[in-house]
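The values are calculated or read from the model by the stated rules, or taken from the named source; none is laboratory data. Bear in mind that the values here come from a model prediction, so they are computed numbers and not experimental data. Cβ atoms come from the backbone with ideal geometry, glycine included; neighbour counts cover every protein chain shown. Note: areas computed on protein heavy atoms with side chains; ligands, DNA, RNA excluded. Shrake-Rupley method; radii C 1.70, N 1.55, O 1.52, S 1.80 Å.
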Amino acid sequence: MLYPATFISRGRYSASLFFLSQTRSFGVVQSIFTNGLNIAFGKNLVFVGTEYGNGVPFGIHIESYLYDRLLTETFIGEEVVWNREKQQLSFTNCNVHIHISLMDSFDCSMKLRAQPDLRISEWAPQMRDLAISMNKELGIGLTLNDGLALLERPEANSELESRLLALSQALKEPGREINIDLIKYFIGRGQGLTPSGDDFLVGIMAIERLLGRADFGVSWAISRIVGKLPGLTTQVSANYYYSACEGYYSTVILDILAALLNEPDYDFEECAIALLNVGSSSGMDTYYGLLFAVMSCGLL
């Protein structure tokens, strides 16, 4: 069936999309969901879908009615072609063409810098109280209350808690080489497109990047095994790791850090709720990773 051409030019895209500098790239639709789909270009993914307030570092976000048009006609395995000359991403079978050049871009790079005299440990009470008030649970394998108590009264009652305490101690010593097997314990841990352990680690990586510690800790460990990630977790999580290693994060993470740094126009509660509401537990697990790093790293 030959579909009439549809040209999409309303929306916005991440300025860190890997293919923007490439002349031509070929991919296939890998997975389709109610609010978005993933296109695989080899190991790299591009997400096309609606936004719900969260800019994905490898995402193109379009309005719901435009995605609905795409959703009704594309299928898993459809070829998708990027053409730099036309600045166009084309779904070849359903005849849908996304014109990047006519869209706004958004920046997912970590440009925030903490003040030299800032004590990030002072963020912990505010972050903890907000998380408790939301009454959401972690997907990593323990309750939120247990996860918070573990950092305040370090006593391990399970292997998971022992690993968390070991990780917390490692974050306190950024100059020391972290045990990669310790990080592997969390990679791919949990269910879903982005397992909870991955969301948790990405949250930690964001704090490390903010503190100028991306050459140490979790960030260092992930960079050492980046080529093995597809065999350790989902492709979606692997792409979040690829992005984090380059200093790119979802806008909901960048927004809450901006709020904590008292950047203008960022309200902490509003930004925190936006992150906590991502997915069934992804937002909560990422938030816990941020809080875990804040409480472990202590002083800037």
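Computed quantities for the displayed model
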read-out: Signed unit charges on C-beta, dipole axis of the chain, positive-most listed residue Y287, L138, P230; value: P230
read-out: The stretch 10-127 - percent of accessible surface contributed by carbon and sulfur, probe 1.4 Å; value: 50 percent
read-out: Amide proton proximity set for S105, modelled H, under 5 Å, gap of 5+; value: Y13
read-out: Integer Hz, Karplus 6.51/-1.76/1.60 couplings in order for the stretch 211-223, x for Gly and Pro; value: 8, x, 10, 5, 8, 10, x, 4, 4, 5, 4, 5, 5
read-out: Degrees between helix 196-210 axis and first principal axis of the chain (Cα, 0 to 90, nearest 10); value: 80 degrees
read-out: Furthest towards positive pole of dipole, P154, Y242, S121, structure part the chain, Cβ charges; value: Y242
read-out: Pairs of Lys in the chain closer than 30 Å at Cα, counting only those 8 or more apart or on different chains; value: 13
read-out: Three-way shape label, the stretch 193-289, alpha-carbon gyration tensor, a/c 1.5; value: oblate
read-out: Packing-based order for 278-289, 8-19, 263-274, using average beta carbon neighbours within 10 Å, highest first; value: 278-289, 8-19, 263-274
read-out: Among Y266, V81, I98 the positive-end extreme of the charge dipole of the chain (Cβ point charges); value: V81
read-out: Charge dipole (debye, nearest 20) of the stretch 208-256; +1 at Cβ of Lys and Arg, -1 at Cβ of Asp and Glu; value: 180 debye
read-out: Accessible area per residue in Å² at 1.4 Å probe, computed on the chain; value: 45 Å²
read-out: Chain lengthening between Q169 and D104 when straightened (0.36 nm per residue, less Cα-Cα); value: 19.2 nm
read-out: Cα shape, the stretch 236-300, gyration tensor, a/c 1.5 rule; value: rounded
read-out: Förster-model FRET efficiency, 35 Å R0, I32 and D181, C-beta, rounded to 0.05; value: 0.45
read-out: For the stretch 151-214: rounded, prolate or oblate by the Cα gyration tensor [a/c cutoff 1.5]; value: oblate
